[in-house]
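S.K.: Sharing a structure, written as structure tokens. Questions coming.
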Amino acid sequence: MKQLTYILLIVTVTLFVSCDKKAVKESSKVEYQCPMKCEGEKVYSEKGICPVCEMDLKSNSRKASKVISDEISDESIFNLTSNWNTEEGKSITLKELKGKTLVMVMIYTTCKAACPRLTADMRNIEGKIPAEYKKDIQYVLVSIDPKNDTPKRLKEFAIENYIDGEEWTFLQGTEIGIREFSNVLALKYKQISPLDFSHSNIISVFNPQGELVHQQEGLGVDNKETITKIIETVQK
Amino acid sequence: MITNCQSKMVPIKGGNYIPLYGRDSMKVSINDFLMDVYPVTNKEYLAFIKKHPKWQRSKTIKLFVDGSYLREWKTDTTLNVNQKLKSPVTQVSWFAAKSYCESQGKRLPTVDEWEYVAMANKTMPDARKEEAYNQFILGWYEKPKTFNQTIGSTFRNYWRVYDLHGLVWEWTSDFNSVLISGESRKDVDKDSNLFCGSAAINATDLMNYAAFMRYAIRGSLKARYSMRNLGFRCVKDDKTN
């Protein structure tokens, strides 16, 4: 069977060579196949419809799908260009988080009431994700209090809350950068005293391309749907 | 005459004031800053998007604008026949407004800064107790299509700033601040809270209905939204003092 696929590919490639050299380069990278495998392992060099079941042909090349996802869509948070500091003292833009499913929440470390529970909610989510997906997900806590939440403070907070592993990232931004990010999430916050903010409690899930796929609102809510969504984005 | 694209600014002397909605300490202190005399016009915005094509209607991305962004315009870079160059630009998103101000080395005003300047009438820095002043503002809220007027067609206030009331609503940098003073609970999740009684409980002056309207409309906005009667102007920190 494998040999047949190979022959077919060579045939299509040769066919293309005869008419357009440029097309070969592109088509040889990607193979398309009927998702139902109506014609067995038969592959096509171009997008189209399966002649048997009439379903859209799907790209079956893993490498090719990675190449495609290199582009940033209109709705991706990776379009935001603001700079952030991590708890490890690194300076990054959100784009550098690309490639993993992102579970994000906005907090501030001097918060006494809601944030410890939000942090606990994040930890609960993390605890319920099967180990096999662990390396595909990044948990990101964005501070809304850049004055007090320095990278050093965020690192201390991470250690205090037992969330200092590699899958956890803390971000300190600029005031306008944070406002911009919260606006993308449609999350509201206001400083009400030097150490207090009021804010919405939202945990947001982004797929590896940075597109918002799910928001969980409230504190201590049932996170079953959130976990399902996270796993879906990893498997895609 | 203004020769460059920068519109005229005037200094605003900072101070303390009690906003309709504030912090738990009630009083808010405002630093000195400079404010645009007029809202940003169609002409100025046109110059901006010619220089920054990513903000042209057909090139903007969904993350930053909704479907009504500059919808009245004839093309990416031409106004409709009934739109005047000297009218305030409207149908712009918060992201676009923010980017415009940044391109000028400025920023959007905070809600507190905007409200601080906008509480002045022609002669007093704080005219919120003046019945006639409140009636003027509320009268405008009822008037349709004032966005078609040109800048400077309302009054010049105590700070020599024009058109804060009477032409268009304006974006602020922190328009989405929540209206509660306590710690966050489930209650902040619904925009409907802005329009029912609970939201007004910690208002400092329940008589100030006009200001309440402004806070309510800001609270109902999302940063991608654009509206026919929503424009903006920019401010800048005053570094001379």
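The values are calculated or read from the model by the stated rules, or taken from the named source; none is laboratory data. All values derive from a computational prediction rather than experimental measurement. Neighbour counts are summed over all protein chains in view; Cβ atoms, including those assigned to glycine, are modelled from backbone coordinates with ideal geometry. Side chains included, ligands, DNA and RNA excluded: accessible areas come from the protein's heavy atoms. Shrake-Rupley method; radii C 1.70, N 1.55, O 1.52, S 1.80 Å.
S.K.: Name the single residue, out of those in the range B:75-128 being in a loop (DSSP other than H, G, I, E, B) and small (Gly, Ala, Ser), that is nearest to B:MET227 (Cα to Cα).
M.R.: B:SER93
S.K.: I'd like the full set of residues that are of a type in the set (Val, Ile, Thr) and under 21 Å from A:LEU185 (Cα atoms), limited to the range A:83-133.
M.R.: Result: A:THR86, A:ILE92, A:THR93, A:THR101, A:VAL103, A:VAL105, A:ILE107, A:THR109, A:THR119, A:ILE125.
S.K.: Sticking with this structure for a sec: Against the condition among the β-branched types (Val, Ile, Thr) and at the interface with chain B (Cβ under 8 Å from one of its Cβ atoms), how does A:ILE176 come out, does it pass? Give the derivation first.
M.R.: Details: among the β-branched types (Val, Ile, Thr): yes; at the interface with chain B (Cβ under 8 Å from one of its Cβ atoms): yes.
Yes; evaluated as a whole, the condition is true for this residue.
S.K.: Sticking with this structure for a sec: Residues in the range B:217-240: is at least one under 24 Å from B:PRO88 (Cβ atoms), modelled with pLDDT under 80 and assigned to a loop (DSSP other than H, G, I, E, B)?
M.R.: So far as the range B:217-240 goes, no, none of its residues is under 24 Å from B:PRO88 (Cβ atoms), modelled with pLDDT under 80 and assigned to a loop (DSSP other than H, G, I, E, B).
S.K.: Given the conditions (1) open to solvent by 60 Å² or more (accessible area, probe 1.4 Å); (2) within 14 Å of chain A (Cβ to nearest Cβ); (3) modelled with pLDDT of 95 or more, report the number of the one that B:LYS84 does not fulfil.
M.R.: Failing condition for B:LYS84: (2).
S.K.: Quick check on the range A:200-236: of everything there that is charged (D, E, K, R) and in a loop (DSSP other than H, G, I, E, B), which residue is modelled with the highest pLDDT?
M.R.: A:ASP222
S.K.: Something else now. Could you please give the count of residues in the range B:88-123 that are in contact with a helix residue (DSSP H, G or I) (Cβ under 8 Å, 6 or more places away or on another chain), under 23 Å from B:ARG160 (Cα atoms) and open to solvent by 20 Å² or more (accessible area, probe 1.4 Å)?
M.R.: Final tally of qualifying residues: 2.
Each row is one residue, and each column tells you yes or no for (1) at pLDDT 95 or above; (2) within 27 Å of B:GLU44 (Cβ to Cβ).
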site	(1), (2)
B:ALA132	no, no
B:TRP159	yes, yes
B:ASP163	yes, yes
B:ARG214	no, yes
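S.K.: Hey, among the residues in the range A:170-193 that are without any contact (Cβ under 8 Å) to a residue 24 or more places away in the chain and outside any strand (DSSP E or B), which one's surrounded by the most Cβ atoms within 10 Å (Cβ to Cβ)?
M.R.: This residue is A:ASN183.
S.K.: Filter the range A:78-132 down to residues that are charged (D, E, K, R) and under 20 Å from A:ILE231 (Cα atoms) and give me whichever is least open to solvent (accessible area, probe 1.4 Å).
M.R.: Looking at the filtered set, the residue picked out is A:ASP121.
S.K.: Continuing with this model, one more query. Would you be able to say whether some residue in the range A:123-138 is within 14 Å of chain B (Cβ to nearest Cβ) and either farther than 29 Å from B:ASP112 by Cα or among the hydroxyl-bearing types (Ser, Thr, Tyr) (or both)?
M.R.: No.
S.K.: Could you please give the count of residues in the range A:194-233 that are open to solvent by 30 Å² or more (accessible area, probe 1.4 Å) and touching a Phe, Trp or Tyr at 6+ places or on another chain (Cβ under 8 Å)? If you could, list the steps in order and put the result at the bottom.
M.R.: Of the residues in the range A:194-233, the ones open to solvent by 30 Å² or more (accessible area, probe 1.4 Å) are A:194-196, A:209, A:211-213, A:215, A:217, A:219-222, A:224-225, A:228-229, A:231-232.
Of the ones still in play, those that are also touching a Phe, Trp or Tyr at 6+ places or on another chain (Cβ under 8 Å) are A:209, A:212-213, A:231.
The total comes to 4.
S.K.: If you don't mind, there's one more thing I want to ask. I'd like the full set of residues that are β-branched (Val, Ile, Thr), more than 14 Å from A:GLU160 (Cβ to Cβ) and within 14 Å of another protein chain (Cβ to nearest Cβ), limited to the range A:99-122.
M.R.: A:VAL105
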